Amino acid sequence: MCHERHRACLFRRLLRGPVFDWILGIALIGCNGGGAADSVFVGHLVPRTGQDSEIGKALVAAAALTVDSWNHDATKSFAGRSVSVLHGDTASQVEHFAFQTTRLIAVNQVMAVVGGIDSLETEQIRHAIAVRDAGPVGFSAAGGSPGAPSSGLWCVGISPAERGKWLAKYAIDEEKLIQLLLIVDASIPGAIEIHRAFVKEFRHPDRRILAEHIVHSAEEIRAAASRWPQGETGGLVFVGRRDGLEPLLPVTQDGRVRLIYAGEDEERLWRQPPEAPLVFATVLPGDDASEAFRRLETDFRQRSGQDLSPASLATAEAFRVLLTAASKARSFRRETLKREIMRLEVELPSGPFWFEKDGEPKRTVSIFRLDRRQPRWLKSYRPTKNEK
């Protein structure tokens with residue numbers, strides 16, 4: 001009897017652990033319309049369990065919507081083979097992105113991986129891909145940072161440099177801010193780059209930067225915000241995660257200080273808007289959205305029961321860019337695909353898109369205001385070619 005209980009307990013542990021995840025990945029290979037012989041498999045890193053599981057549902061729907069649409073167009077097949085997606089559950093844990101990337105490549109032998117909605121997740125994928133010189137490419141819904149051609153990872157979100165530049169331009173031209181204070185969480189990859197781009201655009205003899213605080217914790221964020229000069233008006237710029245906003249809200253309560261969120265955590269900000277009004281940049285288009293975006297928005301709502309969010313849109317577009325490049329290259333081989341990616345210029349539902357020579361994604365950036373937890377579109381900036 002003890003042996004029976006021991007075997008039952010061991011089996012339950014296997015069902016909950018990575019071994020079951022491995023077995024499930026093997027089983028899925030034969031469950032997409034006939035198996036590997038007639039499918040090209042792409043891995044998708046997504047939180048299907050844990051605190052981000054609602055986000056995960058939206059990302060799965062976005063991937064399915066794009067891939068199904070692709071498969072219905074016979075002219076886009078890969079030598080008659082359809083595309084199937086294998087989802088790797090990251091369980092809402094950043095460190096699981098590397099493990100699931102490795103598993104999808106080594107066990108399921110996917111041709112490419114897509115995943116990550118922020119730079120912390122994306123860096124995990126980057127490291128897992130970089131150790132395989134000739135392995136599959138990766139695509140992320142995040143903005144990432146330059147260097148994709150050498151690492152094999154391509155990001156389709158708003159790049160750190162673009163986020164900082166366009167938010168600063170909006171602060172100057174529309175908000176008419178002449179002085180501000182910056183708080184930058186240096187523990188976030190890309191935060192310093194956002195900070196530099198913002199300062200470069202904003203700095204002028206007629207404008208003042210009161211201070212630039214580089215922080216690493218909630219306590220340091222709160223301490224930096226408390227240094228805003230009493231009675232002064234201006235802008236408070238925060239580069240960090242969504243949960244880092246809470247210590248800043250008391251400073252903005254009297255309306256003298258306008259809050260600009262320059263962090264990359266668009267998805268969590270969209271889903272959990274703070275009490276205080278703020279301005280932020282996002283991949284979502286506004287009132288000037290194309291008909292293609294409106295169709296995607298409607299189809300997504302019907303399929304998922306959710307509104308199209310920033311990460312959902314960026315995930316759908318990451319799959320679209322990957323499949324478009326692979327179709328043109330007629331290959332998923334990294335070096336062949338890389339050449340096609342560098343030449344690619346495509347019209348996405350959100351607008352024109354391409355990669356610069358250093359791998360920086362160029363796309364339309366929209367500025368929204370969250371007020372009383374309701375988003376309102378303010379302005380969009382179309383992408384421009386980098387100067388030679």
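Descriptive notes on the structure:
- Test: Glu193 is outside the structural domain of Ala224 (by TED's automatic domain parsing), closer than 30 Å to Thr384 by Cβ and assigned to a helix (DSSP H, G or I): no
- Residues in the range 337-346 include at least one that is over 19 Å from the mean Cα position of the chain (by Cα) and within 30 Å of Val279 (Cα to Cα).
- Residues of the range 168-200 satisfying the condition of being under 19 Å from Arg242 (Cα atoms) and touching a strand residue (DSSP E or B) at 6+ places or on another chain (Cβ under 8 Å): Leu181, Leu182, Ile183, Val184, Asp185, Ala186, Ile188, Ala191, Ile192, Ile194, His195, Phe198
- For the range 78-95, the condition holds for at least one residue, the condition being that it is closer than 15 Å to Thr315 by Cβ, hydroxyl-bearing (Ser, Thr, Tyr) and either in contact (Cβ under 8 Å) with a residue 40 or more places away in the chain or assigned to a loop (DSSP other than H, G, I, E, B) (or both).
- Some residue of the range 157-167 being among the hydrophobic types (A, V, I, L, M, F, W, C), surrounded by 19 or more Cβ atoms within 10 Å (Cβ to Cβ), in contact with a strand residue (DSSP E or B) (Cβ under 9 Å, 6 or more places away or on another chain) and under 30 Å from Arg339 (Cα atoms): yes
Conditions (1) touching an Asp or Glu at 6+ places or on another chain (Cβ under 6 Å); (2) among the small types (Gly, Ala, Ser); (3) within 19 Å of Leu322 (Cα to Cα), marked per residue:
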site: Phe78; (1), (2), (3): no, no, yes
site: Leu86; (1), (2), (3): no, no, yes
site: Thr90; (1), (2), (3): no, no, no
site: Arg103; (1), (2), (3): no, no, no
site: His127; (1), (2), (3): no, no, no
site: Ala141; (1), (2), (3): no, yes, yes
site: Gly144; (1), (2), (3): no, yes, yes
site: Ser151; (1), (2), (3): no, yes, yes
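- Leu308 surrounded by 18 or more Cβ atoms within 10 Å (Cβ to Cβ) and in the same structural domain as Ser82 (by TED's automatic domain parsing): yes
- Residue match in the range 224-242 (condition: surrounded by fewer than 16 Cβ atoms within 10 Å (Cβ to Cβ), assigned by TED's automatic domain parsing to the domain that holds Lys165 and not in a loop (DSSP other than H, G, I, E, B)): no
- Subset of the range 324-355 [in a helix (DSSP H, G or I), over 22 Å from Gln109 (Cα atoms) and touching a strand residue (DSSP E or B) at 6+ places or on another chain (Cβ under 7 Å)]: Met342
- Test: Ala98 is within 17 Å of the chain's Cα centre (by Cα) and assigned by TED's automatic domain parsing to the domain that holds Ser39: yes
- Candidate set from the range 44-99 (those that are aliphatic (A, V, I, L, M) and in contact with a Leu (Cβ under 6 Å, 6 or more places away or on another chain)); member that is surrounded by the fewest Cβ atoms within 10 Å (Cβ to Cβ): Val94
- Matching entry among Ile214, Ile209, Ile221 (being outside any loop (DSSP other than H, G, I, E, B), within 21 Å of Lys169 (Cα to Cα) and of a type in the set (Val, Ile, Thr)): Ile209
The values are calculated or read from the model by the stated rules, or taken from the named source; none is laboratory data. As the structure is a computational prediction, the values presented were derived from the model and not from experiment. We place every Cβ from the backbone using ideal geometry, glycine too, and count neighbours over all the protein chains shown.
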